């Protein structure tokens, strides 16, 4: 491990605040998040999976039954419940950043944007029929359009981690852990305390 501090030292500095992973579909938020949770000895949540368990429907079925607006409402409800926990790594759905209310929850913790080139994202998701937003004649263009819309929101994250096609998820998690030490400063911990005092 090449971090200047151990995972346990960074865990202690986090003082229990959560780490939220945001980014486009196909960036590996779930897989990388699981590795990061193991390194930090945190619990792990995936908001899409929690929404599916709560509703008894897949994301595709939720979109079909309730539309994107209905799914986004459920997504916000799920996030509001999860953020009540501490010491968690949370992989979020790609569109969670679209809601201002969601940011009020995300700002309880450290927000990390996982980013990857469009070509890499397309290779990973192009054969996945469970992506409702990509069921269009040109899914690669759809990816580009979605990223263009969301990029200014992703850029509000505390930390950006660029990933590559060939990098192993655990290696990304280790690199994220090392960078996490750079942002675990009083400003983030204090921001969390302010948010809690206002609720």
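Work out how much length residue 5 to residue 100 would gain on full extension: take 0.36 nm times their residue separation and subtract the Cα-Cα distance, in nm to one decimal. Provide the component values of the computation, followed by the final result.
Details: separation 95, 0.36 × 95 = 34.20 nm, distance 3.41 nm.
So the chain would gain 30.8 nm between residue 5 and residue 100.
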Using C-alpha positions alone, give me the convex hull volume of segment 1-120 per residue in cubic angstrom.
113
Burial-style ranking of 43-50, 86-93, 140-147, average other-beta-carbon count within 10 Å with highest first, yields 86-93, 43-50, 140-147
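Take every Cα pair under 8 Å in segment 13-194 that's 6+ residues apart, average their separations, divide by the length, and report that relative contact order as a whole percent. Don't jump to the answer; show the numbers that get you there.
Details: 252 pairs, mean separation 62.3, N = 182.
Over segment 13-194, the number comes to 34 percent.
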Please work out whether segment 10-73 counts as rounded, prolate or oblate from its C-alpha gyration tensor, where a ≥ b ≥ c are the square roots of the eigenvalues and a/c under 1.5 means rounded, while otherwise a/b larger than b/c means prolate and anything else oblate?
prolate
Taking only the Cα atoms of segment 13-194, how large is their convex hull per residue, in Å³?
108
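Bear in mind that the values in this text are calculations on the coordinates, not laboratory data. What you see is a predicted model; the values in this text were computed from it and never measured. Note that we place each Cβ from the backbone using ideal geometry, even for glycine, and neighbour counts take in every protein chain shown.
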